[in-house]
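Single-structure report; data block below.
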């Protein structure tokens, strides 16, 4: 069990207690204090349970870096995550371990979540939206390169798979979980225990919720990195991809991402029937290496068109979401 915490004094004790009360007793709990300057260190230093190992970092280096440090210290073959302000049900570890061992194809599992608010005001509709977002996902592999398949804190995964993909990428401060799961799919299947085993606390001022543009930028940059490294590494050059989207989609990319995308060479066409066919012709003539579709109401029809032409989803054509 691994938790990274930065200035988490408000909910840390409740979060830790939910782990120490697990019905499955055979675990170690590594908590990495990521340079906190509140009472986090004091709370952690007062823990006497021998299953808990605390690592204090002098400087804050971000959650991905702290998680890598904690997981590298772990001795077990399975890693469970717990965010420092969330709460796990007492049966969580037992149920996730049973579930992942029931199918040899699985390398990671999550669970259903129940959203709870922090002390800052969060509308009930926002809590319900977040629950639907995570709990309604079904075709997990289709989420690769598009969306995160699970709530990060519910994660339970193979340490070997984690090591094979190189762990978390610390360059991402917000979308490090999405980036990890995208690469984890290369090792096996990801699924979810169909039970609420985790209470996910929503804060209106969290990094992911307070700045939607920064969050979207990181998700998309992670997507471009993964497409380049997982699908086109054999080219030994920067892959050439074409984005099919609306004029607003293309403007968003140029305003927010063009100067940051060091992974792919991008060209653009507005998404209409003529250009959908033109993109395929460019692919056939090797002028581009792949096609990126911006999701819209007609996306299912466009996906069918490219599949009929012999292209493979998540191999040489991809789907993303751009506001």
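In the chain, the longest principal axis of the Cα atoms and the axis of helix 92-101 are about 50 degrees apart. Ordering 48, 246, 223 from the fewest to the most neighbouring beta carbons within 10 Å gives 48, 246, 223. For the range 13-66, the relative contact order works out to 43 percent when only alpha carbon pairs closer than 8 Å and six or more residues apart are counted. Here the Kirkwood formula, the inverse mean of 1/r across different C-alpha pairs, assigns the range 63-120 a hydrodynamic radius of 13.6 Å. Dividing the alpha-carbon radius of gyration of the chain by the rule-of-thumb value 2.2 N^0.38 Å gives 1.05. Put in order of Cβ neighbour count within 10 Å, fewest first, the listed residues 265, 150 become 265, 150. Considering only alpha-carbon pairs that sit under 8 angstrom and 6 or more positions apart, the relative contact order computed for the chain is 16 percent. Among 243, 276, 31, the residue with the largest mean-square fluctuation in a Gaussian network model of the chain, with springs joining Cα atoms closer than 10 Å, is 276.
Please compute the Cα-Cα pair-distance distribution of the range 1-151 with 10 Å bins starting at 0, giving whole percents from short to long. Each 10 Å bin holds this share of Cα pairs: 10, 35, 37, 16, 1.
Mean residue ellipticity, 222 nm, helices only, the chain: the sum of -39500 (n - 2.57) across DSSP H runs of n ≥ 4, divided by residue count and rounded to 500, is -11000 deg cm²/dmol.
Site pair residue 102 and residue 267 shows an inter-label distance of 4.9 nm when each label is modelled 7 Å from Cα along Cα→Cβ. Distance between the modelled labels on residue 38 and residue 20, one decimal in nanometres: 1.9 nm (7 Å Cα→Cβ projection). Note on the range 161-261: Cα-only Rg and Dmax are 16.0, 45 Å.
The angle separating the long axis of helix 299-308 from the principal Cα axis of greatest extent in the chain is about 60 degrees. Over all projection directions, the Cα-based convex hull of the range 223-320 averages an area of 5.8 nm².
By other beta-carbon atoms within 10 Å, ranking 78, 129 with the fewest at the front produces 129, 78.
Taking the longest Cα principal axis of the chain as reference, the axis of helix 124-135 is set at about 70 degrees.
Expressed as a whole percent, the proportion of Cα-Cα pairs in the range 112-178 lying more than 20 Å apart is 41%. The DSSP beta bridges internal to the chain are antiparallel in roughly 15% of cases.
As a ratio to 2.2 N^0.38 Å, the alpha-carbon radius of gyration for the range 100-142 is 1.55.
Read-outs: derived from the displayed coordinates by stated rules, not from any lab. No experiment lies behind these values; they were computed from the predicted model shown. For neighbour counting, all protein chains shown are included, and Cβ atoms are generated from backbone atoms with ideal geometry for every residue, glycine included.
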